[in-house]
């Protein structure tokens, strides 16, 4: 048997084959097909194919997240069309306004699992590599094709390996590591590649930090990205999948939501699910062939900032410190999780957002918002003068909820900063980690946490 990378193994499984070669085109059957506010457009293409019923409704996952709540009549009509389609087709995995960003929600709901193939009409679908799934963004017409046929041609990508040795230093995050990679190798350095992360530094990352890396690899041009799943991943997903199965009455549970849910009573089923997740996980062969290997020492990393108007326009924090900002934005599928909000609160608690600066905070999901409320994070942010938005993408797409004025500067925890990304071509967007975003909001200029906290 030939040695195989993760991408080879994952696409071979999805195609029902024992082995695939790099460059081979395969007919793959995904486990999950993702769309969001673009679902209405996809539906129109699907109807042009002469379709009436979705072939794989059980595999569809649809979220309303990119422009929520609806900022215009056009958006409201779009939402209404999607809701009608969901009801008509009997789509079970549908999440309405306020539930959160697609990648975060599908992770929280354990709809995607290790070893699976998820194809989505969103470029950041490589996100699901955090759990060892093959996630890839595809076009709307391709999604319509999947609705009609249940399968899609995919070319098996080449693979590269990126190794992180040692734990990240204080103040340095997975976001900084991602920016460093893209800055070193270029925004097209991973074009149509599969990136496999490994090393002691990756293993040491929290699950929320692991989510950052595959998500950001979309800005590296990749087809997919991968982190080997471990017990932390299986534990996270097993409990969530068991609870979801109980609510829906599937798998072990024959009746939806009967009685009050008590996790202790589901111990055996959770353990069984953990075993199944581990059994279905995919790991590359130790002697697999890679086009390149890049090794980083965590000790050599520091906070970085991506400068306008490209993610690979890298600077150290010290090189751009002092630039005036009119807006700071914390959120998105990259850095809108509880860990990110906690980092911001550590900086801003007991302080005030600078005069002339707006600080927008948009949790990635309703669950993140609820947890942040319970822990007092939202109260601390509001007291500091931050503005809290509905869980969703917010101003990342430039649709609403924080579009900057011409000439203004935004520092953001998002993943993209090309010209016009936030809705204004004559505005500038810098990208940084959550603590840097919060510190910049407090001082009104690009700053690090140490400028406020006095340490490090």
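The values are calculated or read from the model by the stated rules, or taken from the named source; none is laboratory data. Here the structure is a predicted model, which is why all the values come from computation and not from measurement. Backbone-built Cβ (ideal geometry, glycine too); neighbour counts: all protein chains shown.
Numbers at a glance
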quantity: Unmet criterion (only one of (1) on the phi < 0 side of the Ramachandran plot; (2) surrounded by fewer than 18 Cβ atoms within 10 Å (Cβ to Cβ)) for residue 10; calculated: (2)
quantity: Qualifying positions in segment 396-415 - modelled with pLDDT of 95 or more and out of contact with any helix residue (DSSP H, G or I) (no Cβ under 9 Å at 6 or more places or on another chain); calculated: 405, 406, 407, 408, 409
quantity: Count of segment 14-48 residues which are within 24 Å of the chain's Cα centre (by Cα), within 30 Å of residue 289 (Cα to Cα) and not in a loop (DSSP other than H, G, I, E, B); calculated: 4
quantity: Filter result for residue 215 (outside the structural domain of residue 132 (by TED's automatic domain parsing), at pLDDT below 95, out of contact with any strand residue (DSSP E or B) (no Cβ under 8 Å at 6 or more places or on another chain) and within 21 Å of residue 112 (Cβ to Cβ)); calculated: no
quantity: Residue match in segment 182-191 (condition: part of a strand (DSSP E or B), touching a residue at least 40 places away in the same chain (Cβ under 8 Å) and outside the structural domain of residue 121 (by TED's automatic domain parsing)); calculated: no
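A quick yes/no check of all residues on (1) surrounded by fewer than 19 Cβ atoms within 10 Å (Cβ to Cβ); (2) out of contact with any strand residue (DSSP E or B) (no Cβ under 6 Å at 6 or more places or on another chain); (3) more than 23 Å from residue 445 (Cβ to Cβ); (4) not assigned by TED's automatic domain parsing to the domain that holds residue 95:
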| site | (1), (2), (3), (4) |
| --- | --- |
| 351 | yes, yes, no, yes |
| 358 | no, no, no, yes |
| 362 | no, yes, no, yes |
| 369 | no, yes, yes, yes |
| 375 | yes, yes, yes, yes |
| 379 | yes, yes, yes, yes |
| 386 | no, no, no, yes |
| 391 | no, no, yes, yes |
